[in-house]
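Written out below as structure tokens is the structure these notes cover.
The values are calculated or read from the model by the stated rules, or taken from the named source; none is laboratory data. What you see is a predicted model; the values in this text were computed from it and never measured. Neighbour counts are summed over all protein chains in view; Cβ atoms, including those assigned to glycine, are modelled from backbone coordinates with ideal geometry. Ligands, DNA and RNA are excluded from the accessible area calculation, which covers all protein heavy atoms including side chains. Shrake-Rupley method; radii C 1.70, N 1.55, O 1.52, S 1.80 Å.
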Amino acid sequence: MSPSDIDPGPERDDESVSRLRRLLTGQRFAVLATRQEGGHPYTSLLGYGVDDQLQRLVFATLRTTRKFANLQAEPRVALLVDDRDNVETDLQEAAAATVLGRAEEIVGAERQREVARFVARHPAMADFVSSPGCALMGVAVEAYYLVTRFQNVIEIYPDHGDLRTADPQAR
């Protein structure tokens, strides 16, 4: 096997990673897709937070919701975050990121820390997220699919505190 036969793996694309970071930190709401009993997708609009390394997204939900039941049965999720303005120029200017990952309830001292970060981003949700029936969920990110200019897709993967991109045509 020659060195040219070895896949060098994902590369760093600072422009795409910067665009993703701006999108995730600039937007406050996302659409969460879970899988409900019977296999159909179920979507929910929610407020979210993201850690500095873009490795985990956090959101709050009541434990009595369909969303929470779906997450308990199947933790794999997708979230959509976008910056569209609902105008024609969005086709060229808007960005959207699909986030793939696994959701898990955050508990204990870690929950207290994450609630403080979440409330700093969503002060109007302080009472909700602090209520006893509210679960704080963390999504461990496995991949991002960043779409710009309507059809330009870049895959971005968390990699030990760094973010790496891959050409989706190579997969």
Residue by residue through the range 74-91, what is 3J(HN,Hα) from phi via Karplus (6.51 cos²θ - 1.76 cosθ + 1.60, θ = phi - 60°)? Round to whole Hz and write x for glycine and proline.
8, x, 6, 9, 10, 10, 10, 10, 9, 10, 5, 10, 6, 10, 4, 5, 4, 4
Taking R0 as 30 Å, what FRET efficiency do you get between residue 159 and residue 85 from their Cβ-Cβ distance, rounded to the nearest 0.05?
0.40
About its Cα centre, how strong a charge dipole does the chain have in debye, to the nearest 20, once Lys and Arg get +1 and Asp and Glu get -1 at the Cβ?
740 debye
Report, largest value first, the span of the C-alpha coordinates of the range 39-113 along each principal axis, in whole Å.
44, 33, 18
If I histogram all Cα-Cα distances within the range 12-72 using bins 5 Å wide from 0, what percent of pairs lands in each bin?
4, 16, 22, 20, 15, 12, 7, 4, 0
Along the positive direction of the dipole of the range 1-158 (beta-carbon charges: Lys, Arg +1; Asp, Glu -1; about the Cα centre), which of 46, 25, 65 reaches farthest?
65
Taking placed amide H atoms and a strict 5 Å upper bound, the residues 5 or more places from residue 78 or on another chain that come that close are 33
Karplus-derived HN-Hα couplings along the range 35-50 (A = 6.51, B = -1.76, C = 1.60, θ = phi - 60°), whole Hz, x at Gly and Pro
10, 8, 3, x, x, 6, x, 9, 10, 9, 7, 8, x, 9, x, 9
In angstroms, what radius of gyration and Dmax does the chain have, counting Cα atoms only?
17.3, 60
Mind listing the long-range amide H neighbours of residue 36? Cut-off is under 5 Å, sequence gap 5 or more, other chains count too, H placed in the peptide plane at 1.01 Å from N.
42
Per residue, how large is the accessible surface of the chain? Use a 1.4 angstrom probe and give square angstrom.
59 Å²
Express the carbon and sulfur contribution to the solvent-accessible surface of the chain as a percent, rounded to the nearest whole number, probe 1.4 angstrom.
49 percent
Among 66, 28, 113, whose mean-square fluctuation peaks in a Gaussian network model of the chain (Cα, cutoff 10 Å)?
113
Highest GNM mean-square fluctuation among 37, 114, 155, for the chain with Cα springs under 10 Å, belongs to 37
